[in-house]
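Contents: one structure, followed by commentary.
Here, each number is a calculation from the coordinates, and none is a lab measurement. What you see is a predicted model; the values in this text were computed from it and never measured. Neighbour counts run over all protein chains shown; Cβ positions are idealised from the backbone, glycine included.
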Amino acid sequence: MATTRTTNRPVTGPAPTPAPEPDPAPEPGGKPAAAEPVGSEPQSESELVPGSELVPESELVPKPESAPEPKPESESVLESESTPGESKSPLILTMLLLTLVLLQGPIRGLLSAPVMQSWMTVFVAVLVQALPFLVLGVLLSAAIAVFVPPSFFARALPKSPAVAVPVAGLAGAVLPGCECASVPVAGALVRRGVTPAAALAFLLSAPAINPVVLTATAVAFPRDPGMVVARFVASLLVACAMGWLWQRLGRTDWLRTPHRSPHEGRSRGAAFWGSVRHDVMHAGGFLVVGAMAAATLKAVVPASWLRTAAENPLVAILALAVLAVLLSICSEADAFVAASLTEFSMTAKLAFLVVGPMIDLKLFAMQAGTFGRGFALRFAPATFVVAIAGAVLTGAVLL
Amino acid sequence: MNRQAQAAVLFLTGAALLHAGLTDQYLRYVKAGLRPMLLLSGAVLIAAALATAWYEYRASRPGGTPAAGAEGPPAHAHREPRVSWLLTLPLFALILVAPPALGSYSAMRAGTALQQPFGYDRLPAKGPLDLSVVDYATRAVYTHGREIEGRVLRIEGFVALDRAGHPYLVRMALNCCAADAQPVKIALTGTIPPVLQPDKWLEVSGTYTPRTTKDPVNGGPVPYFEVTHAKPIPTPADPYDETWNT
């Protein structure tokens, strides 16, 4: 990483690397933990600053190479679209972190109010608890996406669509990953000739009933093992219902078949780590949104509001279902957010866990991107209603 | 956010997780059992960062092989969304702020989470008894102090004051992580130190008293404890009660 950068350094040289390091150290800070973070900073800057210097070169060099390649017309268009705005991002990131380091004294002062401290503790707790599960799921899903050919799933499915739907739904259990992983896989399934109804059942069930997600749920609800069973049953039920519904009512012209296989033209290692990086960055970003919401509900919103919402069982279920859509948390992490909503009934939490992996803002955007907006506009509301119904039914029986 | 910035964020996130896992910092947020997974995921994130940087370098190298090294499109063709920038927030929180474990503010916002246990451990027959907050509270409320009456007890917890200024000794109990932490409270009476600061950890010695009160938030049972002596102690490495659901 360092070799080309050192040669480039004179070109965009005046990066402010050494300046900020002496500054944060004498900052009063006041917390015992201050020594360690400051000590670890230089590491980060040496990591960051070279990146910002490299930008112009790295963005320019691959362009002539990727253009003459046979396949990726659409890719090079997208890449060139994304370059002008994004080429500055290492610089922005460096500036952002430097500013934060320089201002850490005042910022600590602002954050020392009990509300802010408790908010940050819950925020960090949700992330620290969820990140290992997110990473585990992302690793496994990258491995499957790269090393198992999509045609395997197409061959394994029964020919009759009515039977293929539940089989595909159950097959979701073997694709460990969150919803970000299942959308591209479902797209690949449709492209390889799997009946759309079965692919959609897979799309809905895979993020909710795979072993990683179920383990995370068991960890999040150690006192209620029934929650794991209920989540499995309700999610499978809803996925199959939606598959059959599509088979009865769906029209092929609503569905825009995706064209491109995600990993063509790259070595397996590049595809694997590319998938890991991509999934962590995407799902991680949304996880931060979810953690912020959980922290706000926990530390800022008066407990009496939550109790009022939680008292009425119907309002509680609807509130958490809507919350799941808005938060767009990754299914590997959502159980921990659900568990933090201690005021709500188990059925309401189940609705949160069933709705979240099937439909949320992020998924809607991804489905619209993969299958077309006409599909997403019809499929998403139907999924929302069926998922709530499935969760309520299952909750009534099992919880 | 382009790939170099992503590599940097991945690297820093991995490093922050490793740092939290190698020190006792992680115990402020999660249970002790998560440590191996925490370290592993930190290592994986750093590996992903290095791999990203490596493939990026290979792609930018003039003689690089495009088929293997050229950055293909992201796994599905859309721009890296702005939402990835949010990953800098936990970095900032973990590295620069390192928020403390939940304290009296959260404890007094929530009602006591005391629940009747399935059973009780046997207590040693002699000497002063070291009890956890949860242990004392459950025995005091649900067994009417059967085994602890008349004995010298020692309890560790942090101080919290309610609106009227009544002191409580609290320990937060974890189900899974600090996000679902719930307080278990004991009200203090007897010879209490004249100045009590919220969030300070105390070891109180004293005896059981049958007096109980109701939690001001949820009306749950809160037993009293007759304090004879209180001494400040440092915050324990694991500030939460993890025996809650074993």
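Laid out as a table, the results:
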{"read-out": "Antiparallel bridge percentage (DSSP; both residues within region B:105-245; nearest 5)", "value": "75"}
{"read-out": "Part-to-part distance (alpha-carbon centres) for region A:339-399 and region A:273-288, which is given in Å", "value": "21"}
{"read-out": "Mean Cβ neighbour count within 10 Å, used as a protection proxy, ranking A:329-341, A:359-371 highest first", "value": "A:329-341, A:359-371"}
{"read-out": "Whole-Hz ³J(HN,Hα) from phi, Karplus 6.51 cos²θ - 1.76 cosθ + 1.60, for region B:29-46, glycine and proline x", "value": "10, 9, 7, 4, x, 7, 3, x, 5, 5, 5, 4, 5, x, 5, 5, 4, 5"}
{"read-out": "Within chain B, helix-based [θ] at 222 nm, where runs of 4 or more DSSP H residues each add -39,500 (n - 2.57), nearest 500", "value": "-9000 deg cm²/dmol"}
{"read-out": "Other-chain or far-sequence residues with amide H under 5 Å of B:Gly190's (modelled H)", "value": "B:Val227"}
{"read-out": "Under-5 Å amide H pairs with B:Asp130, H placed in peptide plane, nonlocal only", "value": "B:Arg154"}
{"read-out": "Highest-fluctuation residue, B:Thr13, B:Thr143, B:Thr112 considered, GNM on chain B with Cα pairs under 10 Å", "value": "B:Thr143"}
{"read-out": "Relative contact order computed over chain B (Cα-Cα under 8 Å; 6+ residues apart), in percent", "value": "19"}
{"read-out": "Within a Gaussian network of chain B (alpha carbon springs, distance under 10 Å), most fluctuating of B:Ile155, B:Ile233, B:Ile186", "value": "B:Ile233"}
{"read-out": "Karplus (6.51, -1.76, 1.60) ³J(HN,Hα), θ = phi - 60°, over region A:122-131, in Hz, Gly and Pro reported as x", "value": "5, 4, 5, 4, 4, 5, 5, 6, 8, 4"}
{"read-out": "For region B:73-229: Kirkwood Rh in Å [reciprocal of mean 1/r, alpha carbons]", "value": "17.6"}
{"read-out": "Shielding by other protein chains, B:42-51, mean Cβ within 10 Å", "value": "5"}
{"read-out": "C-alpha center-to-center spacing [region A:296-326, region A:88-152] in angstrom", "value": "25"}
{"read-out": "Calculated P(r) tail over 12 Å for region A:328-385, as whole % of Cα pairs", "value": "65"}
{"read-out": "10 Å Cβ neighbours from other chains, averaged over peptide B:53-61", "value": "6"}
{"read-out": "Whole-Hz couplings from phi, Karplus 6.51/-1.76/1.60, listed for region B:109-115; x for Gly and Pro", "value": "7, 10, x, 4, 9, 4, 10"}
{"read-out": "Max mean-square fluctuation residue, GNM over chain B, Cα-Cα springs under 10 Å, options B:Pro221, B:Pro234, B:Pro183", "value": "B:Pro234"}
{"read-out": "Per-residue mean of C-beta atoms belonging to partner chains within 10 Å, peptide A:363-375", "value": "1"}
{"read-out": "Built amide H within the under 5 Å cut-off of A:Ser328, gap 5+", "value": "A:Leu361"}
{"read-out": "Per-peptide average of other Cβ atoms within 10 Å, ordering B:117-129, B:189-201, A:222-234 highest first", "value": "A:222-234, B:189-201, B:117-129"}
